[in-house]
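Have a look at the structure below, then the notes.
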Protein chains: 2
Amino acid sequence: MNTTLTPAALRQRIRSGEFTANTSGYCPGFVQCNMTILPKAWAGEFLQFCQLNPRPCPVLGMAEAGSPAIPSLAADLDVRTDIPRYRVFEEGRFRAEVTDIRELWQDDFVTFMLGCSFSFEEALQADGLEIRNVTEKRNVPMYRTHIDCTPAGRFRGQMVVSMRPFRAADAIRAIQICTRFPAVHGAPVHLGDPAQIGIAALDQPDYGEAVTVREGEIPLFWACGVTPQVAIEQARPPICITHSPGCMLVTDIPNSRLAVM
Amino acid sequence: MNTTLTPAALRQRIRSGEFTANTSGYCPGFVQCNMTILPKAWAGEFLQFCQLNPRPCPVLGMAEAGSPAIPSLAADLDVRTDIPRYRVFEEGRFRAEVTDIRELWQDDFVTFMLGCSFSFEEALQADGLEIRNVTEKRNVPMYRTHIDCTPAGRFRGQMVVSMRPFRAADAIRAIQICTRFPAVHGAPVHLGDPAQIGIAALDQPDYGEAVTVREGEIPLFWACGVTPQVAIEQARPPICITHSPGCMLVTDIPNSRLAVM
């Protein structure tokens, strides 16, 4: 399929069931979002968790309780149909992957959209930097750390980070570029020795796939949008629905609009 | 002496001969400058060298040929008397250290003022970061690298860098802060392995004094204002006058005015 469809055209094909794949590389230039849906009784604490931990959990938009619309992100958005694949969790445990959640919808569902690393990866590539997971066509490697998130009610847990290796001068440039994008995880939270943040082995990620780290390269670690998933596993809400990894909401917002300067 | 004198009051005491010491820590909040004076026949090439190598050689001001004034930096400035100690070089070789250069002055002298790391060190400290050379009351360690500067006429040479160690999170913060100050060397040019830029041993600096690098800390390397001195050694102009290391011109410009954002 043509990757340069407009976001509205891609969402239409997702809604019709024609497109059920990974959205990576589609609609370049537009913000893609991580999604979390929770019952209203859990939504307040989750929002507080996000606000206390903005680097892993940057909130780009949320819906009114019971509403599938977030017009600030996409005029015609229906969160029940416009994501290629959803994951359903009960009591914090994965139950099913589906391509439509209209039958699961509840009047008390509150939808959260969080920033995603696709936005900053695009900014880094536009500057000429090589993103190893893109080059090697792998899911970015992600690791549980020993960095505690600030808890909020029942939501708590340790930060998950994604890792991308760079030569030193490119690492400095990546920090500069990502600093401009606090709404999509911002600057790295760590660089260098993985053991300092509780990572035992770079070649054994907890999520995603390992990538090559070449001699002389420095690993950079970014706060990752998988962090809320860990907090949800701990909180064990009766139901929670998320996007399936890599199958994101594609919004109408240009990535450049997230730059703070 | 009171370190919180106004810049004008400190310059007055330097001019009168009362103050002949290091200016580090004096007039906090105000820009201090590295100085280079060259005959006009050499000044054009030197300016080009600075413009081609803005990270080690950021030009903050220069005087008309024969003039000891740079009103854009300090209203009453006389570069012949307002620096505590000067160094005189002939054919690129050190000849003498003096506290006044009125007797050496030539009608064809062109004075250059370059940004200095004191400005960004102050910004880092204001953010709560520890600067090791400040804590240990040492001259910052500086090293010759194998990074070639872009040559201009007779001026050429390899970049000199200064080094300050930080924990990873502070290293990231230091890169963010220094990025705001391109006129005083800007972001680091390297981090991590010193050998990658041709430095054999951190405990054997080529200039200044070694500082403690603790377990788990990462060395950050900034382009350094000693770089033009190396280029002058290579160019061998008949005469060149600089400030003595640490004995800087104190200007009336607030450090904050150098921030680009």
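The values are calculated or read from the model by the stated rules, or taken from the named source; none is laboratory data. Quick caveat, the model's predicted, so the values are computed rather than measured. Methodologically, a virtual Cβ is constructed for each residue, glycine included, from the backbone with ideal geometry; neighbour enumeration extends over all protein chains shown.
Got a sec? Which of A:ILE172, A:ILE199, A:ILE101 is within 14 Å of chain B (Cβ to nearest Cβ), in contact with a Phe, Trp or Tyr (Cβ under 6 Å, 6 or more places away or on another chain) and either crowded, with 22+ Cβ neighbours inside 10 Å or closer than 26 Å to A:ALA231 by Cβ (or both)? Before the answer, list the steps.
Numbers: A:ILE172 fails: in contact with a Phe, Trp or Tyr (Cβ under 6 Å, 6 or more places away or on another chain); A:ILE101 fails: within 14 Å of chain B (Cβ to nearest Cβ).
Of A:ILE172, A:ILE199, A:ILE101, the one residue that is within 14 Å of chain B (Cβ to nearest Cβ), in contact with a Phe, Trp or Tyr (Cβ under 6 Å, 6 or more places away or on another chain) and either crowded, with 22+ Cβ neighbours inside 10 Å or closer than 26 Å to A:ALA231 by Cβ (or both) is A:ILE199.
Table: residues versus (1) in contact with a helix residue (DSSP H, G or I) (Cβ under 6 Å, 6 or more places away or on another chain); (2) in contact (Cβ under 8 Å) with a residue 60 or more places away in the chain.
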{"residue": "A:PRO141", "(1), (2)": "no, yes"}
{"residue": "A:PRO151", "(1), (2)": "no, yes"}
{"residue": "A:MET159", "(1), (2)": "yes, yes"}
{"residue": "A:SER162", "(1), (2)": "no, yes"}
{"residue": "A:ARG180", "(1), (2)": "no, yes"}
{"residue": "A:VAL184", "(1), (2)": "yes, yes"}
{"residue": "A:ILE197", "(1), (2)": "no, no"}
{"residue": "A:PRO205", "(1), (2)": "no, yes"}
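Matching residues to (1) of a type in the set (S, T, N, Q); (2) within 20 Å of the chain's Cα centre (by Cα); (3) within 14 Å of chain A (Cβ to nearest Cβ); (4) within 26 Å of B:ALA74 (Cβ to Cβ):
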residue	(1), (2), (3), (4)
B:PHE120	no, yes, no, yes
B:PRO151	no, yes, no, no
B:ILE177	no, yes, yes, yes
B:HIS185	no, yes, yes, yes
B:HIS190	no, yes, yes, no
B:ASP206	no, yes, no, no
Matching option when the condition is in contact with a strand residue (DSSP E or B) (Cβ under 7 Å, 6 or more places away or on another chain), over 20 Å from B:MET142 (Cα atoms) and either not assigned by TED's automatic domain parsing to the domain that holds B:ALA168 or not basic (Lys, Arg) (or both), among B:PHE49, B:PHE118: B:PHE49
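Have a look at B:ARG236, B:ARG214 and point out the one that is surrounded by fewer than 17 Cβ atoms within 10 Å (Cβ to Cβ), of a type outside the set (Gly, Ala, Ser), touching a residue at least 24 places away in the same chain (Cβ under 8 Å) and touching an Asp or Glu at 6+ places or on another chain (Cβ under 6 Å). Please lay out each step first, then the result.
Working: B:ARG214 fails: touching an Asp or Glu at 6+ places or on another chain (Cβ under 6 Å).
None of the other options fit; the residue is B:ARG236.
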The condition of being of a type outside the set (A, V, I, L, M) and out of contact with any strand residue (DSSP E or B) (no Cβ under 8 Å at 6 or more places or on another chain) holds, among B:ARG138, B:ARG132, only for B:ARG138
So in segment B:153-163, with the set limited to residues that are away from every other protein chain (no Cβ under 14 Å) and within 20 Å of the chain's Cα centre (by Cα), which one is surrounded by the fewest Cβ atoms within 10 Å (Cβ to Cβ)? B:ARG156
Output the number of the condition that B:PHE109 fails; it satisfies all remaining conditions of (1) at pLDDT 95 or above; (2) surrounded by fewer than 20 Cβ atoms within 10 Å (Cβ to Cβ). (2)
Is it true that some residue in segment A:57-80 is at pLDDT 95 or above, in a loop (DSSP other than H, G, I, E, B), closer than 17 Å to A:PRO228 by Cα and not assigned by TED's automatic domain parsing to the domain that holds A:CYS178? yes
Filter result (aliphatic (A, V, I, L, M) and in contact (Cβ under 8 Å) with a residue 40 or more places away in the chain) within segment B:119-136: B:ALA123, B:LEU124, B:LEU129
Regarding B:GLY246, is this residue assigned by TED's automatic domain parsing to the domain that holds B:SER24, surrounded by fewer than 19 Cβ atoms within 10 Å (Cβ to Cβ) and assigned to a loop (DSSP other than H, G, I, E, B)? yes
